[in-house]
1. Measure off 7 Å from each Cα along the Cα-to-Cβ vector at H284 and T264, then give the distance between these two points in nanometres to one decimal.
2. Please give the FRET efficiency for T30 paired with E233, using the beta carbon to beta carbon distance and R0 = 30 Å, rounded to the nearest 0.05.
3. As I understand it, the dipole of the chain uses +1 on the Cβ of Lys and Arg and -1 on the Cβ of Asp and Glu, about the Cα centre. Which of L397, T321, G149 lies farthest toward its positive end?
4. Counting only DSSP beta bridges with both residues in the stretch 275-400, what percent are antiparallel, rounded to the nearest 5?
5. Taking 37 °C and 0.692 mPa s as the conditions, I'd like the Stokes-Einstein D for the chain in µm²/s, using the Kirkwood hydrodynamic radius from alpha carbon pairs.
6. Would you mind checking the radius of gyration and Dmax of the stretch 47-192 based on alpha-carbon positions, in Å?
7. Pick from G276, G364, G141: which is most flexible by mean-square fluctuation in a GNM of the chain where alpha carbon atoms under 10 Å apart are linked?
8. Sort the stretch 189-340 into rounded, prolate or oblate with this rule: let a ≥ b ≥ c be the square roots of the eigenvalues of the Cα gyration tensor; rounded if a/c is under 1.5, and if a/c is not under 1.5, prolate when a/b is larger than b/c, oblate otherwise.
Amino acid sequence: MPLHNVVVTGIGPVGAFGLGADALSSALQTDQPLAQPATKNQGLGLATDLACEIPADSFKIRDVVPKSHRKAIKVMCPDIESALAATDSAIRHANLRTTTTHPEETPIPDPLRLGCQLGAGLIAADVEELGGAMTVAAPEGVVDVQLWGREGMERLTPLWMLKYLPNMPACHVTIVHGAQGPSNTMTCGETGSMLAVTEAARVIERGDADACLAGGTEDRIHPVQRMRQHLSERLGKGVPFKDTGAVPGEGGAVLIVESLEHATARNATILARVTGIAGGQSPHCTRDGGVPKDDASFASVMERAMEDAGVLAQDIDEVITSASGVNSDHAEQHAIASILGWPAQDPRITTPAKIFGNCGAGLGALVASTAVLRISQGQAQRVLAFVTGQGGQHAALVLEASV
């Protein structure tokens, strides 16, 4: 059945375009790839040296955390920092108030009614930080466990692992903003942040929170992450539906998913309604993310989201998909064609990853944010947003204009 009480009142996208809804909107209007030669770790012999990096002047981490929490910056990796920046931007965009954004005012909503669902990736450790310990533990190129325990670990700070646990972005976000409602972390590759939005929608619909911080971010330009994608043959020029490989990016988004009742009571601007949600898994996915072109799980998730929203194919104005040039794009396109009859070149299909790259766990939230912008700017009344991940996970949303 359609969701009746779930709306989006703010978005906080961050990526190669900068930070905030206006920055993403401008990039979408320009519709040009933002990839540039990577400023760090060049010459690795990868399929591409291009990357979509967050501009250094987009935000300063000290500006988005309170003074009382700044000592924790030393245990923040880029994934955590971008999640905090995106959250701060989303909260301000929605005109909510937290103990950090408005320390002198009463929080809106009640902290006990503010949830947090974030997608996260398999965060890679800092190469230089871990490299010093590994050099000591592997003098001949093979790790000596005895040396690692006796000398290698002494090169690491006691708190080093707290930078890289996947639940740490949500941990810092909830501490900084005092969110004490339902919280969860999704680690499902590119699908994680959209699954977080679907989880937030369920939390809101069943009345367990008034608003949720939902989305996710990831740093896919990290050299270890880029190497992973290179070895999976998923790194390349970033041409959607062409299986060229994707350009790696960093960033993602956080959306404010709120109950209609709470949003109306505070006279909030409703950017879009969430009326249908679905998730699924391909039974055919290979280790490198490859799937058959006619993998039925893709169409199944899209159709179930539409069924959940109570809409038919002819009701959809636009499809926004995660296609970024990877080896599952052809299955996305086949599913869209089978349901809607639209070819890959149809202008009603939007592939924003060609602009800001494949941001891993942040990709789904960026796709969802793009859909919200299309609706809030009057470019579409009803949008199907879809994302698939390297592990064969899928998620879909149907978003509609406010009545």
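1. 4.5
2. 0.50
3. The residue sitting farthest along the positive end of the dipole is G149.
4. Taking every DSSP beta bridge with both residues in the stretch 275-400, the antiparallel ones total about 70 percent.
5. Once the numbers are plugged in, D ends up at 156 µm²/s.
6. 18.4, 60
7. G141
8. Here the stretch 189-340 falls in the oblate category.
Since every read-out is calculated from the coordinates, none of them should be taken as a lab result. All figures in this text were calculated on a predicted structure; none of them were measured in a lab. Neighbour counts run over all protein chains shown; Cβ positions are idealised from the backbone, glycine included.
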